[in-house]
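Quick notes on the structure that follows.
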Amino acid sequence: MQTVVPEGLPNRYFLTIKEVSDYLGVSRSTITRQEKKNLFPKRQQICGRRVGYRKDLFLQFLNGNWSPNEGVQ
């Protein structure tokens, strides 16, 4: 089954905080605050100093199917 990517989101596995904030129309600091309160998926390290949001978790968040314990390793 192929995942449908909403218009405006790139078709790759990780999203940057800028892409997420632009898509949601909120500031980066708002996303960071929500992340700290466990109300938003946490960023994950990609490599070195690069971090991003897993697109699958972000799409679950948008659809209301995300829970704070998903994606925890």
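What the table shows:
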| quantity | calculated |
| --- | --- |
| Region 14-63, relative contact order in percent, only Cα pairs under 8 angstrom and at least six apart counted | 39 |
| Qualifying trypsin sites (Lys or Arg not before Pro) for region 26-56 [loop in DSSP, other Cβ within 10 Å: at most 13] | 37, 49 |
| Length added when fully stretched, residue 69-residue 24, from 0.36 nm per residue minus Cα-Cα | 14.0 nm |
| Candidates per GluC sites (Glu not before Pro) in region 1-60, loop by DSSP, up to 12 other Cβ within 10 Å | 7 |
| All Cα pairs of the chain, percent lying beyond 16 Å | 47 |
| Projected label distance in nm at residue 32 and residue 13, using a 7 Å step from Cα toward the beta-carbon | 2.6 |
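All of the numbers you see were taken from the coordinates with simple rules; none came from a lab. Just so it is clear, the structure is predicted and the values come from calculations on it, not from any experiment. Quick reminder, even Gly has a Cβ in these numbers, built from the backbone with ideal geometry, and neighbours come from all protein chains shown.
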